[in-house]
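Beneath this line is the structure, given in C-alpha coordinates, with notes to follow.
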Amino acid sequence: MIGVLALQGNYSKHIEILDKLKISSCEVRYNNQLDEINGLIIPGGESTTMTDIMSRNNFYDKIQLFSQTKPILGTCAGLIMMAKSVLDKRVRPLEILDIEVDRNAYGRQIHSFVNKLPIKLEKDLETISVPFIRAPQITKVGKNVEIISNYNKNPVAVKSGIHMGLSFHPELNNITIFHDFVFIKQFNSKTYAA
Amino acid sequence: MAKEGSFEVKVGLAEMLKGGVIMDVMNADQAKIAEDAGAVAVMALERIPALIREEGGIARASDPQMIKDIQKSVSIPVMAKVRIGHFAEAQMLEALEVDFIDESEVLTPADEHNHIWKHDFKVPFVCGCRNLGEALRRIGEGAAMIRTKGEAGSGNIVEAVRHMRQVQTEIKKLTVMGKDELMTFSKEIGAPFSLVEQVAKLGKLPVPNFAAGGVATPADASLMIQLGAETVFVGSGIFMSDDPAPRAKAIVDSVTFFKDADKLVEISTGLKSAMKGLDMSEIPEGERLQERGW
(Lines give C-alpha, C1' and ligand atoms only; values in the text may rest on other atoms or scores of the structure.)
Protein backbone atom coordinates (compact mmCIF):
# COMPACT_ATOMS: atom_id res chain seq x y z
CA MET A 1 0.00 0.00 0.00
CA ILE A 2 1.33 3.42 -1.02
CA GLY A 3 -0.01 6.54 0.69
CA VAL A 4 -0.57 9.89 -0.96
CA LEU A 5 -0.36 12.84 1.41
CA ALA A 6 -3.83 14.37 1.05
CA LEU A 7 -3.59 17.49 3.17
CA GLN A 8 -3.83 19.76 0.10
CA GLY A 9 -2.99 19.57 -3.59
CA ASN A 10 -3.48 17.29 -6.57
CA TYR A 11 -3.32 14.03 -4.64
CA SER A 12 -6.13 12.47 -6.67
CA LYS A 13 -4.04 12.48 -9.89
CA HIS A 14 -1.30 10.51 -8.11
CA ILE A 15 -3.87 7.95 -7.02
CA GLU A 16 -4.90 7.58 -10.68
CA ILE A 17 -1.25 6.88 -11.62
CA LEU A 18 -0.95 4.25 -8.85
CA ASP A 19 -4.21 2.70 -10.11
CA LYS A 20 -2.70 2.44 -13.60
CA LEU A 21 0.30 0.61 -12.12
CA LYS A 22 -2.06 -1.63 -10.12
CA ILE A 23 -0.54 -0.42 -6.86
CA SER A 24 -3.03 -0.17 -4.01
CA SER A 25 -3.17 3.29 -2.47
CA CYS A 26 -4.75 5.42 0.23
CA GLU A 27 -5.13 9.12 1.02
CA VAL A 28 -3.05 10.06 4.06
CA ARG A 29 -4.55 12.71 6.38
CA TYR A 30 -3.38 11.47 9.80
CA ASN A 31 0.19 10.84 10.90
CA ASN A 32 -0.60 7.38 12.30
CA GLN A 33 -1.48 6.20 8.79
CA LEU A 34 2.26 6.27 8.04
CA ASP A 35 2.57 3.06 10.08
CA GLU A 36 0.41 1.22 7.58
CA ILE A 37 2.04 2.17 4.26
CA ASN A 38 5.19 1.12 2.38
CA GLY A 39 5.81 4.36 0.53
CA LEU A 40 4.59 7.96 0.41
CA ILE A 41 3.89 10.52 -2.29
CA ILE A 42 3.95 14.24 -1.46
CA PRO A 43 1.95 15.87 -4.27
CA GLY A 44 1.98 19.30 -5.84
CA GLY A 45 0.06 22.12 -4.19
CA GLU A 46 1.21 25.06 -2.11
CA SER A 47 4.19 24.43 0.16
CA THR A 48 3.17 27.18 2.62
CA THR A 49 -0.23 25.50 3.04
CA MET A 50 1.41 22.09 3.49
CA THR A 51 3.81 23.55 6.07
CA ASP A 52 0.87 24.88 8.10
CA ILE A 53 -1.25 21.75 7.97
CA MET A 54 1.73 19.43 8.58
CA SER A 55 2.79 21.49 11.60
CA ARG A 56 -0.70 21.63 13.07
CA ASN A 57 -1.05 17.86 12.70
CA ASN A 58 2.43 16.71 13.79
CA PHE A 59 3.68 15.23 10.55
CA TYR A 60 7.32 16.34 10.62
CA ASP A 61 8.90 13.79 12.99
CA LYS A 62 6.72 10.98 11.67
CA ILE A 63 7.63 11.54 8.01
CA GLN A 64 11.33 11.98 8.85
CA LEU A 65 11.34 8.66 10.72
CA PHE A 66 9.36 7.02 7.89
CA SER A 67 11.95 8.20 5.34
CA GLN A 68 14.73 6.23 7.07
CA THR A 69 13.31 2.97 5.78
CA LYS A 70 10.58 3.73 3.22
CA PRO A 71 10.64 5.57 -0.12
CA ILE A 72 9.12 9.00 -0.73
CA LEU A 73 8.34 10.58 -4.11
CA GLY A 74 7.71 14.34 -4.19
CA THR A 75 6.52 16.45 -7.12
CA CYS A 76 6.71 20.26 -7.26
CA ALA A 77 5.55 21.40 -3.78
CA GLY A 78 6.38 17.83 -2.69
CA LEU A 79 9.98 18.34 -3.87
CA ILE A 80 10.11 21.63 -1.92
CA MET A 81 8.88 19.87 1.22
CA MET A 82 11.55 17.15 0.83
CA ALA A 83 14.45 19.62 0.46
CA LYS A 84 17.11 20.22 3.08
CA SER A 85 16.67 23.97 2.72
CA VAL A 86 14.26 26.36 1.03
CA LEU A 87 15.21 29.95 0.22
CA ASP A 88 11.77 31.14 1.36
CA LYS A 89 11.56 30.92 5.16
CA ARG A 90 7.77 30.67 5.10
CA VAL A 91 8.26 27.01 4.23
CA ARG A 92 9.61 24.50 6.72
CA PRO A 93 11.03 21.54 4.79
CA LEU A 94 11.43 17.91 5.88
CA GLU A 95 15.19 17.74 5.08
CA ILE A 96 15.02 14.39 3.32
CA LEU A 97 16.89 15.31 0.09
CA ASP A 98 20.23 17.08 0.35
CA ILE A 99 19.23 19.94 -1.96
CA GLU A 100 18.43 23.64 -1.75
CA VAL A 101 15.27 24.82 -3.49
CA ASP A 102 13.95 28.16 -4.73
CA ARG A 103 10.13 28.41 -4.94
CA ASN A 104 8.33 29.77 -8.04
CA ALA A 105 11.73 30.21 -9.64
CA TYR A 106 10.42 30.48 -13.20
CA GLY A 107 7.98 33.28 -12.27
CA ARG A 108 4.24 33.59 -11.95
CA GLN A 109 1.64 31.38 -13.61
CA ILE A 110 1.87 32.93 -17.10
CA HIS A 111 5.47 31.64 -17.18
CA SER A 112 4.37 28.08 -16.39
CA PHE A 113 5.20 25.83 -19.33
CA VAL A 114 5.30 22.38 -20.90
CA ASN A 115 8.61 21.07 -22.10
CA LYS A 116 10.30 17.92 -23.38
CA LEU A 117 12.84 16.42 -21.00
CA PRO A 118 15.42 13.67 -21.34
CA ILE A 119 15.18 11.21 -18.45
CA LYS A 120 17.66 8.49 -17.51
CA LEU A 121 16.11 6.29 -14.85
CA GLU A 122 17.46 2.90 -15.81
CA LYS A 123 19.64 1.96 -18.79
CA ASP A 124 17.70 3.73 -21.51
CA LEU A 125 17.32 7.44 -22.10
CA GLU A 126 13.68 8.43 -22.53
CA THR A 127 12.12 11.71 -23.61
CA ILE A 128 8.95 12.85 -21.88
CA SER A 129 6.79 15.95 -22.16
CA VAL A 130 5.82 17.43 -18.79
CA PRO A 131 4.24 20.57 -17.33
CA PHE A 132 6.10 22.88 -14.92
CA ILE A 133 3.51 24.83 -12.89
CA ARG A 134 4.90 27.80 -10.93
CA ALA A 135 7.75 25.37 -10.54
CA PRO A 136 10.61 25.37 -8.06
CA GLN A 137 14.27 25.25 -9.06
CA ILE A 138 16.93 23.11 -7.41
CA THR A 139 19.71 25.58 -6.67
CA LYS A 140 22.19 23.32 -4.83
CA VAL A 141 22.75 19.58 -4.88
CA GLY A 142 24.62 17.59 -2.20
CA LYS A 143 27.17 14.93 -3.10
CA ASN A 144 24.94 11.91 -2.51
CA VAL A 145 22.25 13.22 -4.80
CA GLU A 146 21.98 11.82 -8.31
CA ILE A 147 20.61 14.05 -11.06
CA ILE A 148 18.13 12.26 -13.33
CA SER A 149 17.30 15.20 -15.56
CA ASN A 150 18.31 18.78 -16.26
CA TYR A 151 16.39 21.62 -17.88
CA ASN A 152 18.42 24.62 -19.05
CA LYS A 153 21.39 23.22 -17.11
CA ASN A 154 19.41 23.15 -13.87
CA PRO A 155 18.58 19.84 -12.19
CA VAL A 156 14.82 19.23 -12.24
CA ALA A 157 14.69 15.56 -11.18
CA VAL A 158 16.87 14.06 -8.46
CA LYS A 159 17.29 10.80 -6.60
CA SER A 160 18.94 10.16 -3.27
CA GLY A 161 18.92 6.74 -1.67
CA ILE A 162 15.42 5.40 -2.13
CA HIS A 163 13.80 8.85 -2.49
CA MET A 164 13.03 10.94 -5.54
CA GLY A 165 12.05 14.57 -6.07
CA LEU A 166 10.73 16.17 -9.29
CA SER A 167 10.11 19.86 -9.94
CA PHE A 168 7.51 19.05 -12.63
CA HIS A 169 4.26 17.05 -12.85
CA PRO A 170 4.43 13.64 -14.55
CA GLU A 171 1.03 12.76 -13.01
CA LEU A 172 -0.73 15.49 -15.03
CA ASN A 173 0.44 13.83 -18.25
CA ASN A 174 -0.29 10.25 -17.21
CA ILE A 175 3.42 9.42 -17.06
CA THR A 176 3.96 6.39 -14.82
CA ILE A 177 7.74 5.77 -15.04
CA PHE A 178 8.69 7.63 -11.85
CA HIS A 179 6.06 5.99 -9.65
CA ASP A 180 6.92 2.64 -11.23
CA PHE A 181 10.61 3.13 -10.48
CA VAL A 182 10.28 4.38 -6.90
CA PHE A 183 7.69 1.89 -5.68
CA ILE A 184 8.39 -1.23 -7.79
CA LYS A 185 11.51 -1.33 -9.95
CA GLN A 186 14.12 -0.05 -7.50
CA PHE A 187 13.22 -2.88 -5.14
CA ASN A 188 13.19 -5.46 -7.95
CA SER A 189 9.94 -6.54 -6.47
CA LYS A 190 6.40 -6.51 -7.78
CA THR A 191 5.17 -7.05 -4.24
CA TYR A 192 7.04 -4.28 -2.38
CA ALA A 193 4.23 -1.79 -2.79
CA ALA A 194 1.53 -4.34 -2.00
CA MET B 1 10.81 24.62 -26.97
CA ALA B 2 9.04 25.46 -23.74
CA LYS B 3 5.39 26.20 -24.37
CA GLU B 4 3.70 28.74 -22.07
CA GLY B 5 0.01 29.48 -21.58
CA SER B 6 -1.44 26.25 -23.03
CA PHE B 7 -4.79 25.01 -21.73
CA GLU B 8 -2.96 22.09 -20.11
CA VAL B 9 -0.76 24.44 -18.07
CA LYS B 10 -3.78 26.54 -17.07
CA VAL B 11 -5.73 23.54 -15.80
CA GLY B 12 -2.50 22.38 -14.14
CA LEU B 13 -2.57 25.30 -11.71
CA ALA B 14 -6.26 24.70 -10.97
CA GLU B 15 -5.31 21.08 -10.13
CA MET B 16 -2.72 22.28 -7.61
CA LEU B 17 -5.27 24.44 -5.79
CA LYS B 18 -7.51 21.45 -5.00
CA GLY B 19 -8.14 20.83 -1.32
CA GLY B 20 -7.00 24.36 -0.47
CA VAL B 21 -8.92 27.51 0.41
CA ILE B 22 -8.96 30.60 -1.82
CA MET B 23 -9.67 33.67 0.29
CA ASP B 24 -10.95 37.14 -0.69
CA VAL B 25 -8.65 39.87 0.61
CA MET B 26 -8.78 43.67 0.31
CA ASN B 27 -5.20 44.64 1.17
CA ALA B 28 -1.70 43.29 1.80
CA ASP B 29 -2.31 42.83 5.55
CA GLN B 30 -5.33 40.63 4.96
CA ALA B 31 -3.38 38.72 2.30
CA LYS B 32 -0.68 37.96 4.87
CA ILE B 33 -3.26 36.79 7.41
CA ALA B 34 -4.68 34.50 4.73
CA GLU B 35 -1.28 33.09 3.76
CA ASP B 36 -0.29 32.54 7.41
CA ALA B 37 -3.55 30.68 7.99
CA GLY B 38 -2.71 28.30 5.14
CA ALA B 39 -4.72 29.77 2.24
CA VAL B 40 -3.72 28.22 -1.08
CA ALA B 41 -4.36 31.48 -2.98
CA VAL B 42 -5.84 34.92 -2.39
CA MET B 43 -8.39 36.82 -4.46
CA ALA B 44 -7.50 40.52 -4.48
CA LEU B 45 -10.50 42.82 -4.63
CA GLU B 46 -11.24 46.32 -3.42
CA ARG B 47 -14.48 45.48 -1.69
CA ILE B 48 -15.55 42.01 -0.63
CA PRO B 49 -19.02 41.08 -1.90
CA ALA B 50 -20.82 41.87 1.39
CA LEU B 51 -19.48 45.45 1.22
CA ILE B 52 -20.36 45.82 -2.47
CA ARG B 53 -23.87 44.80 -1.50
CA GLU B 54 -23.99 47.32 1.36
CA GLU B 55 -22.42 50.26 -0.43
CA GLY B 56 -23.78 49.84 -3.96
CA GLY B 57 -22.27 51.65 -6.97
CA ILE B 58 -20.34 50.13 -9.87
CA ALA B 59 -17.92 47.40 -8.85
CA ARG B 60 -14.87 47.30 -11.14
CA ALA B 61 -11.51 45.49 -11.35
CA SER B 62 -9.14 46.45 -8.53
CA ASP B 63 -6.57 49.23 -8.41
CA PRO B 64 -3.28 47.93 -9.92
CA GLN B 65 -1.31 49.32 -6.97
CA MET B 66 -3.34 47.26 -4.51
CA ILE B 67 -2.76 44.12 -6.60
CA LYS B 68 0.99 44.84 -6.78
CA ASP B 69 1.14 45.35 -2.99
CA ILE B 70 -0.58 42.02 -2.43
CA GLN B 71 1.71 40.27 -4.95
CA LYS B 72 4.70 41.60 -3.03
CA SER B 73 3.39 40.53 0.36
CA VAL B 74 2.58 36.86 -0.32
CA SER B 75 4.17 33.90 -2.13
CA ILE B 76 0.96 32.02 -2.94
CA PRO B 77 -0.97 32.60 -6.20
CA VAL B 78 -2.76 35.95 -6.44
CA MET B 79 -6.08 36.02 -8.27
CA ALA B 80 -8.15 39.06 -9.21
CA LYS B 81 -11.60 39.73 -10.64
CA VAL B 82 -12.75 41.38 -13.85
CA ARG B 83 -16.25 42.40 -14.91
CA ILE B 84 -18.06 39.91 -17.13
CA GLY B 85 -17.07 40.65 -20.75
CA HIS B 86 -14.49 43.30 -19.81
CA PHE B 87 -11.54 41.93 -21.76
CA ALA B 88 -9.55 45.17 -21.38
CA GLU B 89 -9.56 44.76 -17.60
CA ALA B 90 -8.42 41.18 -18.19
CA GLN B 91 -5.60 42.33 -20.48
CA MET B 92 -4.41 44.64 -17.70
CA LEU B 93 -4.52 41.87 -15.10
CA GLU B 94 -2.51 39.67 -17.47
CA ALA B 95 0.04 42.48 -17.82
CA LEU B 96 0.19 42.57 -14.01
CA GLU B 97 0.86 38.81 -14.11
CA VAL B 98 -1.91 37.81 -11.73
CA ASP B 99 -2.00 34.02 -11.49
CA PHE B 100 -5.72 33.52 -12.17
CA ILE B 101 -8.51 35.83 -13.39
CA ASP B 102 -12.05 35.47 -12.07
CA GLU B 103 -14.53 36.74 -14.65
CA SER B 104 -17.01 37.39 -11.92
CA GLU B 105 -20.67 38.15 -11.40
CA VAL B 106 -19.65 39.89 -8.16
CA LEU B 107 -18.51 42.90 -10.21
CA THR B 108 -20.93 44.92 -12.36
CA PRO B 109 -21.12 43.27 -15.81
CA ALA B 110 -19.57 45.18 -18.73
CA ASP B 111 -21.27 43.13 -21.46
CA GLU B 112 -24.77 41.72 -21.10
CA HIS B 113 -24.43 39.28 -24.01
CA ASN B 114 -20.87 38.03 -24.25
CA HIS B 115 -18.28 36.70 -21.89
CA ILE B 116 -14.55 37.09 -22.53
CA TRP B 117 -12.95 34.78 -25.12
CA LYS B 118 -10.56 33.32 -22.60
CA HIS B 119 -8.53 31.19 -25.03
CA ASP B 120 -6.80 34.43 -26.14
CA PHE B 121 -5.05 34.76 -22.77
CA LYS B 122 -2.00 33.06 -21.28
CA VAL B 123 -3.35 33.54 -17.77
CA PRO B 124 -6.00 31.01 -16.68
CA PHE B 125 -9.61 32.03 -15.92
CA VAL B 126 -12.19 30.84 -13.44
CA CYS B 127 -15.89 31.52 -14.02
CA GLY B 128 -19.06 31.00 -12.03
CA CYS B 129 -22.00 28.77 -12.95
CA ARG B 130 -25.41 27.79 -11.62
CA ASN B 131 -25.89 24.74 -13.84
CA LEU B 132 -24.07 22.45 -16.25
CA GLY B 133 -24.94 24.46 -19.37
CA GLU B 134 -23.40 27.61 -17.92
CA ALA B 135 -20.31 25.66 -16.78
CA LEU B 136 -19.74 24.15 -20.23
CA ARG B 137 -20.28 27.45 -22.06
CA ARG B 138 -17.57 29.00 -19.88
CA ILE B 139 -15.23 26.05 -20.46
CA GLY B 140 -15.95 26.36 -24.19
CA GLU B 141 -14.79 29.99 -23.98
CA GLY B 142 -11.59 28.83 -22.29
CA ALA B 143 -12.20 28.76 -18.51
CA ALA B 144 -9.66 26.46 -16.81
CA MET B 145 -11.65 26.22 -13.58
CA ILE B 146 -15.33 26.43 -12.70
CA ARG B 147 -16.87 27.51 -9.43
CA THR B 148 -20.52 27.24 -8.62
CA LYS B 149 -21.78 30.77 -7.95
CA GLY B 150 -23.86 30.51 -4.82
CA GLU B 151 -24.90 33.99 -3.68
CA ALA B 152 -21.77 36.03 -3.01
CA GLY B 153 -21.74 38.22 0.08
CA SER B 154 -24.79 36.53 1.60
CA GLY B 155 -23.06 34.35 4.18
CA ASN B 156 -25.84 31.92 3.29
CA ILE B 157 -24.90 28.52 1.88
CA VAL B 158 -28.31 27.73 0.41
CA GLU B 159 -27.59 28.97 -3.12
CA ALA B 160 -24.16 27.33 -3.27
CA VAL B 161 -25.84 24.05 -2.38
CA ARG B 162 -28.56 24.59 -4.99
CA HIS B 163 -26.01 25.24 -7.74
CA MET B 164 -23.68 22.37 -6.81
CA ARG B 165 -26.59 19.92 -6.59
CA GLN B 166 -27.88 21.15 -9.96
CA VAL B 167 -24.51 20.62 -11.68
CA GLN B 168 -24.00 17.20 -10.07
CA THR B 169 -27.52 16.04 -10.95
CA GLU B 170 -27.10 17.06 -14.58
CA ILE B 171 -23.72 15.28 -14.76
CA LYS B 172 -25.25 12.11 -13.29
CA LYS B 173 -28.06 12.23 -15.86
CA LEU B 174 -25.56 12.56 -18.68
CA THR B 175 -23.58 9.50 -17.61
CA VAL B 176 -26.58 7.19 -18.09
CA MET B 177 -27.84 8.71 -21.35
CA GLY B 178 -27.52 6.95 -24.67
CA LYS B 179 -25.45 8.59 -27.41
CA ASP B 180 -28.65 9.36 -29.30
CA GLU B 181 -29.86 11.53 -26.41
CA LEU B 182 -26.77 13.73 -26.07
CA MET B 183 -27.49 16.16 -28.92
CA THR B 184 -30.91 17.13 -27.61
CA PHE B 185 -29.51 17.44 -24.08
CA SER B 186 -26.78 19.67 -25.45
CA LYS B 187 -29.39 21.81 -27.21
CA GLU B 188 -31.56 22.05 -24.10
CA ILE B 189 -28.79 23.19 -21.78
CA GLY B 190 -27.13 25.39 -24.43
CA ALA B 191 -23.74 23.72 -24.14
CA PRO B 192 -21.14 22.77 -26.77
CA PHE B 193 -21.78 19.20 -27.95
CA SER B 194 -18.14 18.09 -27.73
CA LEU B 195 -18.02 19.07 -24.04
CA VAL B 196 -21.34 17.35 -23.34
CA GLU B 197 -19.88 14.17 -24.87
CA GLN B 198 -16.76 14.56 -22.75
CA VAL B 199 -18.70 14.98 -19.50
CA ALA B 200 -20.87 11.95 -20.35
CA LYS B 201 -17.69 9.89 -20.68
CA LEU B 202 -15.76 11.32 -17.68
CA GLY B 203 -18.68 11.60 -15.25
CA LYS B 204 -17.30 14.96 -14.12
CA LEU B 205 -16.35 18.36 -15.53
CA PRO B 206 -13.17 18.37 -17.66
CA VAL B 207 -11.69 21.09 -15.38
CA PRO B 208 -11.65 21.38 -11.56
CA ASN B 209 -14.97 22.35 -10.01
CA PHE B 210 -14.87 24.47 -6.86
CA ALA B 211 -17.65 26.03 -4.78
CA ALA B 212 -18.19 29.71 -3.90
CA GLY B 213 -20.79 32.14 -2.65
CA GLY B 214 -21.91 31.79 0.94
CA VAL B 215 -19.26 29.71 2.74
CA ALA B 216 -19.02 31.11 6.29
CA THR B 217 -18.14 28.19 8.57
CA PRO B 218 -15.99 25.03 8.59
CA ALA B 219 -19.24 23.06 8.34
CA ASP B 220 -20.20 24.96 5.17
CA ALA B 221 -16.86 24.05 3.57
CA SER B 222 -17.26 20.40 4.56
CA LEU B 223 -20.79 20.35 3.16
CA MET B 224 -19.73 21.71 -0.23
CA ILE B 225 -16.87 19.24 -0.56
CA GLN B 226 -19.08 16.32 0.39
CA LEU B 227 -21.51 17.52 -2.30
CA GLY B 228 -18.78 17.29 -4.94
CA ALA B 229 -16.74 20.52 -4.83
CA GLU B 230 -13.00 19.98 -5.12
CA THR B 231 -12.43 22.94 -2.82
CA VAL B 232 -13.96 26.28 -1.79
CA PHE B 233 -13.58 30.00 -2.31
CA VAL B 234 -14.34 32.01 0.82
CA GLY B 235 -15.33 35.57 0.08
CA SER B 236 -16.86 37.68 2.82
CA GLY B 237 -16.97 34.77 5.29
CA ILE B 238 -13.53 35.40 6.74
CA PHE B 239 -13.01 39.15 6.92
CA MET B 240 -16.66 39.91 7.81
CA SER B 241 -16.46 37.56 10.81
CA ASP B 242 -15.40 38.55 14.33
CA ASP B 243 -12.19 36.51 14.20
CA PRO B 244 -10.64 36.40 10.71
CA ALA B 245 -7.33 34.62 11.51
CA PRO B 246 -8.65 31.68 13.57
CA ARG B 247 -11.65 31.31 11.26
CA ALA B 248 -9.38 31.26 8.20
CA LYS B 249 -7.28 28.49 9.82
CA ALA B 250 -10.38 26.57 10.79
CA ILE B 251 -11.76 26.67 7.24
CA VAL B 252 -8.37 25.55 5.84
CA ASP B 253 -8.43 22.54 8.19
CA SER B 254 -12.07 21.79 7.45
CA VAL B 255 -11.25 21.35 3.76
CA THR B 256 -8.59 18.74 4.58
CA PHE B 257 -10.67 16.92 7.21
CA PHE B 258 -14.06 17.39 5.52
CA LYS B 259 -15.17 13.81 6.23
CA ASP B 260 -14.11 13.72 9.89
CA ALA B 261 -16.93 15.01 12.10
CA ASP B 262 -14.89 14.68 15.32
CA LYS B 263 -12.12 16.77 13.84
CA LEU B 264 -14.64 19.33 12.56
CA VAL B 265 -16.02 19.67 16.08
CA GLU B 266 -12.50 20.28 17.38
CA ILE B 267 -11.78 22.80 14.59
CA SER B 268 -15.03 24.71 15.13
CA THR B 269 -14.87 24.89 18.90
CA GLY B 270 -14.10 28.33 20.32
CA LEU B 271 -14.62 30.35 17.13
CA LYS B 272 -16.39 33.69 17.62
CA SER B 273 -19.44 34.71 15.60
CA ALA B 274 -19.54 33.97 11.88
CA MET B 275 -20.65 36.78 9.56
CA LYS B 276 -24.28 37.67 10.18
CA GLY B 277 -25.51 36.86 6.69
CA LEU B 278 -28.73 37.37 4.81
CA ASP B 279 -31.75 35.22 4.19
CA MET B 280 -32.51 34.98 0.47
CA SER B 281 -35.85 36.74 1.08
CA GLU B 282 -33.85 39.80 2.17
CA ILE B 283 -32.14 40.01 -1.24
CA PRO B 284 -34.62 41.23 -3.88
CA GLU B 285 -34.46 39.16 -7.08
CA GLY B 286 -33.02 42.03 -9.12
CA GLU B 287 -30.11 42.34 -6.67
CA ARG B 288 -29.01 38.72 -6.75
CA LEU B 289 -25.47 38.53 -8.11
CA GLN B 290 -25.96 34.98 -9.36
CA GLU B 291 -28.37 36.22 -12.08
CA ARG B 292 -25.43 37.89 -13.84
CA GLY B 293 -23.74 35.82 -16.58
CA TRP B 294 -25.23 34.23 -19.70
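The values are calculated or read from the model by the stated rules, or taken from the named source; none is laboratory data. Keep in mind that this is a model prediction, so the values were computed, not measured. Glycine gets a Cβ as well: all are built from the backbone with ideal geometry, and neighbour counts include every protein chain shown. The protein model used for the area step is the full one, side chains on, heavy atoms only, and it has no ligands, DNA or RNA in it. Shrake-Rupley method; radii C 1.70, N 1.55, O 1.52, S 1.80 Å.
In segment A:90-113, the residues whose accessible area drops by at least 40 square angstrom when the other protein chains are added to the isolated chain are A:R90, A:R108, A:Q109, A:I110, A:H111; the probe is 1.4 Å and only protein heavy atoms count. Across the options A:G39, A:N150, A:N173, the greatest Cα extent toward the positive end of the charge dipole of segment A:2-187 (unit charges at beta carbon of Lys, Arg, Asp, Glu) belongs to A:N150.
Per residue of B:255-261, other chain Cβ atoms within 10 Å of the residue Cβ number 3 on average. Over every pair of different alpha-carbon atoms in the protein assembly as shown, take the mean of 1/r and invert it; report that Kirkwood radius in Å. So the Kirkwood estimate lands at 22.8 Å. Computed 3J(HN,Hα) for segment B:140-147, one whole-Hz value per residue from the Karplus formula 6.51 cos²θ - 1.76 cosθ + 1.60 where θ = phi - 60°, is x, 7, x, 5, 9, 8, 10, 10, glycine and proline marked x. Phi angles across segment A:162-169 convert, under the Karplus curve 6.51 cos²θ - 1.76 cosθ + 1.60 with θ = phi - 60°, into 3J(HN,Hα) values of 8, 9, 9, x, 10, 8, 10, 10 Hz, Gly and Pro given as x. Annotation: amide H of B:F125 within the under-5 Å range of B:I101, B:A144, B:M145, sequence separation 5 or more or interchain, hydrogens built in the peptide plane.
Net charge in the neighbourhood of B:C129 (other residues with Cβ under 11 Å of its Cβ; Lys, Arg +1, Asp, Glu -1) is +2. Across the accessible surface of the protein assembly as shown, with the other protein chains kept in place and a 1.4 Å probe, carbon and sulfur atoms take up 49 percent.
For chain B, the solvent-accessible area with a 1.4 angstrom probe is 39 square angstrom per residue. Summed over the residues of segment A:2-187 and divided among them, the accessible surface reaches 37 Å² per residue at a probe radius of 1.4 Å. For segment A:55-119 versus segment B:129-180, the inter-centroid distance based on Cα atoms is 35 Å. Across the options B:P192, B:V21, B:I157, the greatest Cα extent toward the positive end of the charge dipole of chain B (unit charges at beta carbon of Lys, Arg, Asp, Glu) belongs to B:P192. Taken about its Cα centre, segment B:15-166 carries a charge dipole of roughly 420 debye when the Cβ of each Lys and Arg holds +1 and the Cβ of each Asp and Glu holds -1.
Please list the equivalent ellipsoid semi-axes of segment B:1-94, computed as the square roots of five times the alpha-carbon gyration tensor eigenvalues, in descending order and whole angstrom. Provide the component values of the computation, followed by the final result.
Working: eigenvalues 105, 68, 32 Å².
Equivalent ellipsoid semi-axes, largest first: 23, 18, 13 Å.
Between B:N114 and A:N174, the simple label model (points 7 Å from Cα in the Cβ direction) yields a spacing of 3.5 nm. A Förster distance of 45 Å, applied to the separation of the beta-carbon atoms of A:S129 and B:V265, puts the FRET efficiency at 0.45. For segment A:2-187, the Cα-based Rg and Dmax, in that order, read 14.9, 43 Å. The mean number of partner chain beta-carbon atoms within 10 angstrom of a residue's beta-carbon across peptide A:48-60 is 4. Relative to one another, the C-alpha centroids of segment B:1-24 and segment B:211-280 are positioned 23 Å apart. Here chain A is treated with +1 on each Lys and Arg Cβ and -1 on each Asp and Glu Cβ, and its dipole about the Cα centre works out to around 320 debye.
Evaluated with a Cβ-only charge set (Lys, Arg +1; Asp, Glu -1), chain B carries a dipole of roughly 620 debye about its Cα centre, given to the nearest 20. Taking amide H atoms as placed 1.01 Å from N in the peptide plane, the amide H of A:K140 lies under 5 Å from those of A:E100, each 5 or more residues away in sequence or on another chain. The B-A contact accounts for approximately 3300 Å² of buried accessible area, totalled over both chains at a 1.4 Å probe radius. Placing pseudo-labels 7 Å out from each Cα toward the beta carbon at A:K185 and B:D180 gives an inter-label distance of 4.8 nm.
Each Lys or Arg adds one and each Asp or Glu subtracts one; over the other residues with Cβ under 11 Å from the Cβ of A:Y106, this totals +1.
Beta-bridge orientation, segment A:2-187: approximately 55 percent antiparallel, per DSSP, counting only bridges with both partners inside.
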